1. Treating cross-link reach as a plain straight distance, find the lysines whose alpha-carbon is under 27 Å from the alpha-carbon of A:LYS3, omitting any fewer than eight places away in the same chain.
2. Roughly how big is region B:53-114's charge dipole about its Cα centre, with Cβ charges of +1 (Lys, Arg) and -1 (Asp, Glu), in debye to the nearest 20?
3. Just order A:32-39, B:28-35 by mean Cβ neighbour count inside 10 Å, highest at the front, would you?
4. Charges on Cβ only, +1 for Lys and Arg, -1 for Asp and Glu, centred on the Cα centroid of chain A; of A:GLY50, A:ASN30, A:TYR86, which one is farthest towards the dipole's positive end?
5. Where nothing but the Cβ of Lys and Arg (+1) and of Asp and Glu (-1) is charged, how large is the charge dipole of chain B around its Cα centre, in debye to the nearest 20?
6. Using only the Cα atoms of chain B, what are the Rg and Dmax in Å?
7. Which whole-number percent of Cα pairs in the protein assembly as shown have a distance greater than 24 Å?
8. Need one value for B:43-50: mean number of C-beta atoms belonging to other chains within 10 Å of its residues' C-beta atoms.
Amino acid sequence: LAKTTQPISMDSYEGQEVNITCSHNNIATNDYITWYQQFPSQGPRFIIQGYKTKVTNEVASLFIPADRKSSTLSLPRVSLSDTAVYYCLVGPLSGGYNKLIFGAGTRLAVHP
Amino acid sequence: SQTIHQWPATLVQPVGSPLSLECTVEGTSNPNLYWYRQAAGRGLQLLFYSVGIGQISSEVPQNLSASRPQDRQFILSSKKLLLSDSGFYLCAWSRTSRATYEQYFGPGTRLTVT
């Protein structure tokens, strides 16, 4: 699995757009990029997954440049409830089951 | 819809005591099941995963074990707890119909070994 690097923490204010970047220089051709969100004392929650270019859902957008060596999770107009830890994971899809390896993640604090 | 249950929610156990944490999934069949542990202020560590009844794969050598006696039941056990076993234990499931990193996590069990 490709090693990922994320900022340890970020601060933002309500209503702002937040972009969290993840570096994965050794990403392999068949690797996908997945982001999870975790609130205190809860299990992680799947946010978004992508392979290249841009993916958007009702929660976030994921931007992946052509070289795929990094990716950016974009959260539009954050609120206090978006305060959480965000994890970037990179790895291949194989065999119907996948082992998630979580790093330390990015702790996002949204202020009023 | 699918739901995942874990119990107990919190547990305080003395060193050397046994452990049994249970996880059940409803609303799906033949899921892949996972046990993770999160130490305070750290990321998640995969402990065990299972692709079917009686099929367990261990990721980290330790004094913990896992069993899957039924399709949607996953149990984490220990014969003798260590202080280092303290942490937040999470069970998760994923579909087997398609390969994806989308996993669904339970509410977790916070274990404190004293």
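Readers should treat all values here as calculations from the given coordinates under stated rules, not as data from a laboratory. These numbers were taken from a predicted model, which means no experiment stands behind them. When we count neighbours, we look across all protein chains shown, and the Cβ atoms used for this are built from the backbone with ideal geometry, even at glycine.
1. By straight Cα distance, A:LYS3 reaches A:LYS52, A:LYS54, A:LYS69, A:LYS99.
2. Values: 7 positive and 4 negative charges, 25 e Å.
Roughly 120 debye for region B:53-114.
3. Working: A:32-39: 22.2, B:28-35: 20.6.
Top to bottom by mean Cβ count within 10 Å: A:32-39, B:28-35.
4. It is A:ASN30.
5. Computed charge dipole of chain B: roughly 120 debye.
6. Computed over the Cα atoms of chain B, radius of gyration and Dmax are 13.5, 42 Å.
7. Numbers: 11627 of 25425 pairs.
Tail fraction, whole percent: 46.
8. On the way: counts 9, 10, 2, 4, 0, 0, 4, 1.
Average neighbour count from other chains, rounded to a whole number: 4.
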